[in-house]
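Read through the structure below, which is laid out as structure tokens, and then see the notes.
The values are calculated or read from the model by the stated rules, or taken from the named source; none is laboratory data. Remember, it's a predicted structure, so these values are computed and weren't measured experimentally. With ideal geometry, Cβ positions are generated from the backbone for all residues, glycine too; neighbour counts draw on all protein chains shown. Each accessible area value is taken on the protein alone, full model and side chains, heavy atoms only, with ligands, DNA and RNA left out. Shrake-Rupley method; radii C 1.70, N 1.55, O 1.52, S 1.80 Å.
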Amino acid sequence: MYIDISVIIPVYNPPHDMFEKCIGSLLSQTGDLGLEFIFVNDGSTDEWIAERLERLEQEDKRVVVITKENEGVSVARNIGIERARGEYIAFVDHDDYMLDGGLEYMHRVTAREKAQIGVFGYIDKNNSIDADPWNDIIEGEKKNNTIKDVIVELGGDSYYRKGIMIVTLWAKLYRRDFIREQNIRLVPGLVFDDDVVFNLEALGKAERIVADTHRVYYYAYYCNSQSNLFRQEYIPMLIIAMNNKKRLIEEMGRNTEEMKEALTIRAFLNVLKADMAYLCETRQKVSLSQRHRDFSSLVKDDILAAYIRKLSIDILKKYSIYDKSLMARLFIYKYKLVWILTAKTWVKQKFLRR
């Protein structure tokens, strides 16, 4: 059977109901496409998952199950890429789902436009993005704004506000021969910004990209979940991801002042993320003293510190992220005054325990 799309689904201890919805949305996709669904069980410890996947593979010939020891989602996706036989590759997270007819629509538009990558719209539980229909071909000089959006992740007018999440792997279609010929893979061991680094390379190397706001995917992120807290191991990954972004920009010959500015903003936002979601997050189980040490190591990293030193008020205003509270934090990061943030968090934790 000819396979139009290989859908790669990394699986690691998903919530039962959400995983069943994910499975159902894939198996019920409409259209006449040849599909294969590659479930990569990345060492799940819940026994029901292996049983469910085994039964699924027996019931549907389109299903391929790969069982492996836990090595992280990046390795699981890479294994899926190697196993894929379809003309195109799509990625789905185990707790999200495809909307009806989503795969058929992505295939029709991407194939019609002879694009190496198709990027499409999504919805989430808030259904907060209500975008007008929009379709465009991204090639040549137009790609600079796309690459800048991937680096900065602020969702400029061209993507996020149109209902497209440019940095994610989901809601996209990639030509398999393009991904393999360019040897584009996820960075093993990287679980923070792994999709950003992948897309920076893929979108940067693609000659023709189609963007379409038609909604094909449901993103089910629960920001208040304990499991979604910023984890301690993300600290070194922020540095690894930043180094990879810098390397890719240089390798692709796009190391312009504009891209350097974008990397400067990204460095600041990475540090801000670790500050707000790790150091100052009172729900963290890691001790405050350890969080202080971890965050201090981040702001002292040579590459991140060099970018932070270059950041100015004018650059922040240019990207519409300037306010007085951010300027105060930028001052703290530049001069490595982490003790101020730690002290404020200590007081806050003491108050909450009363």
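Distances between placed amide hydrogens fall under 5 Å for Tyr219 paired with Ile123, Asp124, all partners being 5 or more residues away or on another chain. Computed from backbone phi with θ = phi - 60° and the Karplus coefficients 6.51, -1.76 and 1.60, the 3J(HN,Hα) list for segment 317-322 is 5, 4, 9, 6, 10, 8 Hz; x is used for glycine and proline. Just to confirm my numbers, what's the Cα centroid distance between segment 88-119 and segment 249-310 in Å? If we compute the Cα centre of each part, the gap is 33 Å.
Grab the DSSP H runs of the chain that are 4 residues or longer, score each as -39,500 (n - 2.57), total them, divide by all residues and round the 222 nm result to the nearest 500 deg cm²/dmol. Before the final figure, lay out the partial values.
Values: 14 runs with 165 residues, N = 354.
Helices in the chain give a 222 nm mean residue ellipticity of -14500 deg cm²/dmol.
Rolling a 1.4 Å probe over the protein chains gives Tyr322 an accessible area of about 90 Å².
For segment 308-354, the square roots of the Cα gyration tensor eigenvalues, ordered a ≥ b ≥ c, give a/c of at least 1.5 with a/b no greater than b/c, which places it in the oblate category.
Against the empirical 2.2 N^0.38 Å scaling, what ratio does the C-alpha Rg of segment 1-119 come to?
Expressed relative to 2.2 N^0.38 Å, the Cα Rg reads 1.02.
Once whole DSSP H runs in the chain are found, which of them have Cα atoms spread over 20 Å or more along the helix axis and a mean Kyte-Doolittle score of at least 0.0? Don't skip to the answer; put the middle values down first.
Details: long enough: 234-251 (25 Å, 0.11); 257-274 (26 Å, 0.18); 338-353 (23 Å, 0.14).
Correct list, ordered by number: 234-251, 257-274, 338-353.
Under the rule a/c < 1.5 gives rounded, and otherwise a/b versus b/c splits prolate from oblate, where does segment 72-220 land using the Cα gyration tensor? Here segment 72-220 falls in the rounded category. Distances between placed amide hydrogens fall under 5 Å for Ile138 paired with Ile209, Val210, Ala211, all partners being 5 or more residues away or on another chain.
Send over a whole-number figure in Å² for the accessible area per residue of segment 202-341, probe 1.4 Å.
For segment 202-341, the solvent-accessible area averages 48 Å² per residue.
Classify segment 143-278 as rounded, prolate or oblate from the Cα gyration tensor: take a ≥ b ≥ c as the square roots of its eigenvalues, call it rounded if a/c is under 1.5, otherwise prolate when a/b beats b/c and oblate if not. Rounded is the answer for segment 143-278, as its axis ratio a/c remains below 1.5. Cross-link partners of Lys205 among aspartates and glutamates, defined as those whose alpha carbon lies under 14 angstrom from its own and excluding same-chain residues fewer than eight positions apart: Glu139, Glu141, Asp177, Glu181, Glu250, Glu251.
For Ile38, the residues whose modelled amide H falls within less than 5 Å of its own, excluding neighbours fewer than 5 places apart on the same chain, are Val7, Ile8, Ile9, Val64.
With a 10 Å radius around each residue's Cβ, average the other Cβ atoms per peptide and rank 15-28, 94-107, 236-249, 193-206, highest first. Please report the intermediate quantities before stating the final value.
Numbers: 15-28: 16.1, 94-107: 20.8, 236-249: 18.4, 193-206: 22.6.
Per-residue mean Cβ counts within 10 Å order the peptides as 193-206, 94-107, 236-249, 15-28.
Thr282 contributes an accessible area of around 40 Å² to the protein surface, as traced by a 1.4 Å probe with all chains present.
Under a Gaussian network description of the chain, with springs only between Cα atoms under 10 Å, the residue in Ser297, Ser320, Ser44 that fluctuates furthest is Ser320.
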